Amino acid sequence: MDISTSNAAWKDVECNWLVVGLTESPDLAGPLGELDTALSGTISRLIEAGDLKGKLAELLPLHDAPGVAADRVLFMGLGKSDELTRARCEKAAMAAVRKVSSKADTSVAICLAGSGFGSVSSSVAAEITATAIIVGSQGQDSLKAEPGHFPLAAASIVVADGDASETAAAVERGTILGESINLTRDLVNLPPQMIYPESFAKRAQTVAADFGLDVEVLVQSDLEAEKMGALLAVSQGSSSNRGPRVVAVSYQGAGEDAPTLAIVGKGVTFDSGGLSLKTSDGMITMKSDMAGAATALGAVAAIARLKLPVNVVGYMGLVENMVSGTSYKLGDILTARNGVTIEVQNTDAEGRLVLADVLNYAVDKGADRIVDLATLTGACVVALGEEVTGAFSNDQEWCDTITSAAATAGENIWQMPMFDHFGDLLKSDVADCRNIGGRWGGAISAAKFLEKFVEKTPWVHLDIAGPSFASSNSSHREGGATGCMVRTLVEAAASLAE
Ligand code: BES
Ligand code: MN
Ligand code: ZN
């Protein structure tokens, strides 16, 4: 979708919906005042009557707007101007876009200037708005006869002041971020009979071709040659036409000698739990267990399209975790790629087995820094709730880079401890380690397991089991896949380039 920018007077913009942002203390002297005059004082009257308060993400439509060129006006509340953050600005824009995109063929103009953006600069506001236009107009219901959201027929962002070329660049960046988030969301939202290791790999090849990236796909025989015994064990219960894949998508934005960032993703395209079978309730959303891999792909695509001067490789470990006569079993002892033997005590702790081999592969391929993303543990959701990503690391400086990237991107990350005693929980009587660490601190023992496979490479593990998938729709966010952490990874890559 092409989003244009304009600095026309608000009353003159022709479109189906004119979206007008205003804070709780709107400035009626600026462009908002001019609009008020064109609307014969409607805005002042609504404020006076207490019907228009400007509360965060509050929406008030005017279905009939004589005096302005637009068919309708939608007031979008931004809350208190001194409390406005990137995340709040995004919440408001998402709510507005979700409302105006519920009909097909709709044209929208979103007016930004004169609303008092507090700490959010006008170019950041333009970027956020562009992202919201792209993300808010795509739902999780693409397979419904009557979807709830439609791409906008035309969209423009109206700014009264500021450098026009700066605004256009911000809108371009916001568009790329939105499209990358939607790529991740689409992969996660599609059903598991459509997205399996082979079809995911094909999609990655298409993305690579679209954006000029190198792509390598390892199939079963390659993975056997690579001795990825842990990943292969998880996959072995699947039918032969649902075999495993490891995909590496690389973007070289810096010189040969520049360090390489590896973004590693868990791509379990369906997690039944295996013989340690999940309940139906626990299994319903397990198409989303490849969100880590989808995020890695979305992030590499974004970093490449933004032409960031960094070298990045996205590694996706793609398997199904299924039940059959050939499934791996409790008591099996696996040999991971790095030679570590693992006693399987629960086949539902499969993500760490997949990541063990892919992390080790990334290290051998020359990763200088690693970040992995995985819907790894329910325990992380118990610890941090559904909207916060857990971070686990062997290198405080690299972890600080990721957490501050998240802060810039307006995403929620919280660092968890990595004390040695959590590693002791993984001891086995019959192998080098076992694949579960007991009930308490389950997100941390899972991270301690992964740590065994990264050698000494600076590494951050992001457990996205909670925030990658929303259980229900809300006014400012579609349920299903969220595309969380795409922006954080882009910010982290950008900060490495500095
Ligand atoms: N994919 C799940 C984790 C998960 C749970 C993601 C809920 C999203 C929502 C993972 O493979 C899993 O099953 N983990 C187990 C680990 C346990 C067996 C040690 C869990 O969290 O129960
Ligand atoms: Mn599992
Ligand atoms: Zn899983």
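Listed values, structure above:
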{"item": "Contour excess over end-to-end distance, with Cα ends at Thr335 and Asp82 and 0.36 nm allotted per residue", "result": "85.5 nm"}
{"item": "Spatial separation of Cα centroids for the range 308-367 and the range 415-435, in angstrom", "result": "17 Å"}
{"item": "The range 315-457: C-alpha gyration tensor shape, a/c 1.5 cut-off, then a/b vs b/c", "result": "prolate"}
{"item": "Isotropic mean projected area of the C-alpha convex hull, the chain (nm²)", "result": "23.3 nm²"}
{"item": "FRET efficiency estimate (nearest 0.05) - Cβ-Cβ, Ala153 to Asp71, R0 22 angstrom", "result": "0.95"}
{"item": "Accessible carbon and sulfur surface of the range 322-405 relative to its total accessible area, %, 1.4 Å", "result": "46 percent"}
{"item": "Degrees between helix 396-409 axis and first principal axis of the chain (Cα, 0 to 90, nearest 10)", "result": "30 degrees"}
{"item": "Which of Asp105, Asp141 is most accessible, then next, and so on - probe 1.4 Å", "result": "Asp105, Asp141"}
{"item": "For the range 3-175: rounded, prolate or oblate by the Cα gyration tensor [a/c cutoff 1.5]", "result": "rounded"}
{"item": "Whole-number accessible area per residue in Å² for the chain, which is evaluated in the context of all protein chains at 1.4 Å", "result": "39 Å²"}
{"item": "Lys, Arg +1 and Asp, Glu -1 on Cβ, resulting dipole of the chain about Cα centre, debye, nearest 20", "result": "940 debye"}
{"item": "0 to 90° range, to nearest 10: angle between helix 442-451 axis and the chain longest Cα axis", "result": "70 degrees"}
{"item": "R0 of 41 Å, Cβ-Cβ distance Asp163-Asp364: FRET efficiency to nearest 0.05", "result": "0.30"}
{"item": "Charge dipole (the range 195-497, unit charges on Cβ, about Cα centre) - positive-most of Ile333, Leu275, Ala406", "result": "Leu275"}
{"item": "Length released on extending from Ser4 to Ser25, taking residue separation times 0.36 nm less the Cα-Cα span", "result": "4.7 nm"}
{"item": "Sites Gln396 and Leu143 - FRET efficiency at Förster radius 30 Å, r taken between beta-carbons, to 0.05", "result": "0.10"}
{"item": "Reachable lysines from Lys278, criterion Cα separation under 28 angstrom, eight or more residues apart if same chain", "result": "Lys144, Lys266, Lys287, Lys329, Lys427, Lys448, Lys452"}
{"item": "Normalised contact order of the chain, rounded percent, pairs of Cα under 8 Å and 6 or more residues apart", "result": "14 percent"}
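The values are calculated or read from the model by the stated rules, or taken from the named source; none is laboratory data. Note that this is a predicted model, so its numbers are computed, not measured. Using ideal geometry, Cβ is built from the backbone for each residue, glycine included, and neighbour counts are taken over all protein chains shown. Ligands, DNA and RNA are stripped out before the accessible areas are found, and what is left, the full protein with its side chains, is counted by its heavy atoms. Shrake-Rupley method; radii C 1.70, N 1.55, O 1.52, S 1.80 Å.
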